[in-house]
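Visitor: Got a structure here, written out as structure tokens. Questions coming.
Derivation of every value follows stated rules applied to the coordinates shown; laboratory data play no part. Note that the structure is predicted; figures quoted are calculated from it, not measured. Quick reminder, even Gly has a Cβ in these numbers, built from the backbone with ideal geometry, and neighbours come from all protein chains shown.
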Amino acid sequence: MGPARLITIDGPAGAGKSTTARGLARALGWTYLDSGAFYRLVAWQTARRGINPEDEAAVAALLPQLAPEPGADEEGFFLRLDGRRLSGELRTPEVSREASRVARLPAVRRWVTERLRQLARGRRVVAEGRDLGTVVFPDADLKLYLDADLAVRAARRQQEQAALGAGGDLTATLEAIAARDAQDQNRTEAPLQVPSGAVILDTSRLTPEEVVARCLQLATERLHLAPPGGAGMAPPGRGETTT
Ligand code: DC
């Protein structure tokens, strides 16, 4: 294995980060890290144990009892807790809402950040979240920031929920996403921000395949990687800005 290399993908909910990070990691043969899964895990366990998510001391006392093990398969990144693979339980609208709440707590952020840095050590990684290019991996080789119109992001989130067998009202989904964005952007600790030097990609009018192809093109150019077969199919520059 060569030297560790890092690509970070940040952005608001529904901007296409997970699909892009998974596709990019697969195309490059790198490890995919989904940082949101750790915040979701803390939120899910807080609720299951009846802990008040506003009580930082109580949430902090829970953290040493959690030993999530990351894994990867065809579907991408997952966490295992006490030997059980987690999936749908971390993706409910309640866990999404509560994850954004516990993510405000400095103790939780420190715990997640430490885990992500440990996991990335010595590896080639594509990591996605809200503060990866700003706080967790400020020295990343390539920083991407994905964004999309609120209506587009809400529609994508609703489709995702439908695929998990949960229906839902588009207006309610849109309001929930807007509330989560506001919370993630306005918190004191590691708020969602465009990292300096990031390439901003507006994915509103791009297909997931176009976004992955464009990011792959950027990665191969910026990191001087050999282009994997089939790379570079995206129309260059569409929806793109550099900070
Ligand atoms: O990416 P996601 O929807 O799975 O993230 C769930 C919540 O976790 C999100 O609302 C904010 C929080 N989060 C964060 O604060 N920092 C990260 N790096 C990733 C997620």
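Visitor: Say each of residue 60 and residue 240 gets a label point 7 Å from the Cα, pointing the same way as Cα to Cβ; how far apart are those two points in nm?
Guide: 4.4 nm
Visitor: Taking amide H positions as placed in the peptide plane 1.01 Å from N, state which residues far from residue 124 in sequence (5 or more) or on other chains have amide H under 5 Å from it.
Guide: 5, 31
Visitor: Another question, if that's okay. Just need log10 I(q)/I(0) for region 97-226 at q = 0.10 Å⁻¹, Debye formula, equal scatterers on the alpha-carbon atoms, no solvent, rounded to two decimals.
Guide: These q points yield log10 I(q)/I(0) values of -0.39.
Visitor: In whole angstrom, how far apart do the alpha carbon centroids of region 111-170 and region 33-63 sit?
Guide: Distance between centres, Cα-based: 18 Å.
Visitor: Picking from 203, 18, 241, whose Cα lies most toward the positive end of the charge dipole for the chain (charges on Cβ: Lys, Arg +1; Asp, Glu -1)?
Guide: 18
Visitor: May I ask you to evaluate 6.51 cos²θ - 1.76 cosθ + 1.60, the Karplus curve with θ = phi - 60°, for each residue of region 15-31 and list the ³J(HN,Hα) values in order in whole Hz, giving x for glycine and proline?
Guide: 7, x, 4, 5, 4, 5, 4, 5, x, 5, 4, 5, 5, 8, x, 9, 7
Visitor: For the chain, which semi-axes, largest first and in whole Å, follow from the square roots of 5 times the eigenvalues of its Cα gyration tensor?
Guide: 28, 21, 17
Visitor: What does DSSP give for the chain in terms of the percent of beta bridges that are antiparallel, rounded to the nearest 5?
Guide: Approximately 40 percent, going by the DSSP bridge assignments.
Visitor: Going by amide H atoms built from the backbone, whose H comes under 5 Å of the H on residue 240, apart from near neighbours?
Guide: When sequence neighbours closer than 5 places are left aside, the close amide H contacts are 202.
Visitor: Can you compute the helix-only [θ] at 222 nm over the chain? Use -39500 (n - 2.57) per DSSP H run of at least 4 residues, normalise by all residues, nearest 500 deg cm²/dmol. Write down the numbers at each step before the final one.
Guide: On the way: 8 runs with 103 residues, N = 243.
Theoretical 222 nm ellipticity from helices: -13500 deg cm²/dmol.
Visitor: If you don't mind, there's one more thing I want to ask. Return the loop-located trypsin sites (Lys or Arg not before Pro) in region 14-101 (DSSP other than H, G, I, E, B) with at most 11 other Cβ atoms within 10 Å of their own Cβ; answer none if there are none.
Guide: 49
Visitor: Could you put 196, 35, 96 in order, starting from the residue whose Cβ has the fewest other Cβ atoms within 10 Å?
Guide: Ranked by crowding around the Cβ, least crowded first: 196, 96, 35.
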